[in-house]
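Before any comments, here is the structure.
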Amino acid sequence: MPIERLAEGQAFHRTVQAAFLTGLMGASGFKERRWRLIAGGRGRVDLAVEVDGSEQMLVIVEIKGTDWDKIATARIMRNLRRHLRQLQGYLDTAIEEMEAGYRAGIVGSLLYPARPASIETAATIEAVAGEQAIMVTWYKDVDWRH
């Protein structure tokens with residue numbers, strides 16, 4: 001993987017984290033949070049938001065710099081499933097905490113820079129993620145990015 005692509009991905013992460021956390025009200029946000037994994041070891045959650053109040057909600061956002069238009073059609077599902085597995089690893093720990101009474105609810109979201117040009121590809125990504133109760137967010141579509 002070329003170093004330029006890695007640098008672009010890291011820059012996108014920082015941009016999203018800063019935009020998301022700016023003006024966050026009624027919640028506490030954390031970027032690059034270390035996370036214990038049920039399967040063993042540790043991970044790093046890109047963005048975690050704990051909603052304040054009587055309902056202790058947790059939102060885990062996995063930021064991906066994926067440009068779906070540059071990925072061969074035959075590889076889209078493999079990449080998406082890898083993203084979903086990574087996020088599910090973080091959610092498994094949060095679900096364990098919820099079941100122990102520490103949280104009232106959990107939301108998982110994958111965040112990508114932009115929708116793919118193909119309506120069918122975007123619909124497939126959203127549908128497959130939705131089957132696992134994972135939200136998909138397209139950064140160019142959000143109003144909090146400015």
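The values are calculated or read from the model by the stated rules, or taken from the named source; none is laboratory data. Here the structure is a predicted model, which means the values were calculated and not measured. Note that we place each Cβ from the backbone using ideal geometry, even for glycine, and neighbour counts take in every protein chain shown.
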*Which one of these is in a strand (DSSP E or B) and either at negative phi or in contact with a strand residue (DSSP E or B) (Cβ under 6 Å, 6 or more places away or on another chain) (or both): Leu91, Leu84, Leu80, Leu111?*
Leu111
*So Arg82 clears everything in (1) surrounded by 13 or more Cβ atoms within 10 Å (Cβ to Cβ); (2) at pLDDT 90 or above except one condition, right? Which one?*
(1)
*Test Glu120 against the criterion of being of a type outside the set (Val, Ile, Thr) and more than 16 Å from the chain's Cα centre (by Cα), and give yes or no.*
yes
*Give me a count of the residues in segment 33-60 that are more than 12 Å from the chain's Cα centre (by Cα) and assigned to a strand (DSSP E or B).*
10
_Quick check on this structure: which one of Arg42, Arg75 is at pLDDT 85 or above, touching a Phe, Trp or Tyr at 6+ places or on another chain (Cβ under 9 Å) and either loosely packed, with under 12 Cβ neighbours inside 10 Å or among the hydrophobic types (A, V, I, L, M, F, W, C) (or both)?_
Arg42
*Mind checking which residues of segment 70-115 are closer than 19 Å to Ile38 by Cβ and over 17 Å from the mean Cα position of the chain (by Cα)?*
Glu96, Glu97, Met98, Glu99, Ala100, Gly101, Tyr102, Arg103
*asked:* What's the number of the only condition in (1) at pLDDT below 95; (2) among the hydrophobic types (A, V, I, L, M, F, W, C); (3) within 29 Å of Ala39 (Cα to Cα) that Trp144 fails to meet?
replied: (3)
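Table: residues versus (1) surrounded by 12 or more Cβ atoms within 10 Å (Cβ to Cβ); (2) without any contact (Cβ under 8 Å) to a residue 12 or more places away in the chain; (3) of a type in the set (A, V, I, L, M, F, W, C); (4) out of contact with any helix residue (DSSP H, G or I) (no Cβ under 7 Å at 6 or more places or on another chain).
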site: Thr93; (1), (2), (3), (4): yes, no, no, yes
site: Glu99; (1), (2), (3), (4): no, yes, no, yes
site: Val107; (1), (2), (3), (4): yes, no, yes, yes
site: Pro113; (1), (2), (3), (4): yes, no, no, no
site: Glu126; (1), (2), (3), (4): yes, yes, no, yes
site: Gln132; (1), (2), (3), (4): yes, no, no, no
site: Tyr139; (1), (2), (3), (4): yes, no, no, no
*Hey, could you check segment 104-131 for residues that are polar (S, T, N, Q) and at pLDDT 95 or above and say which is nearest to Arg85 (Cα to Cα)?*
Thr124
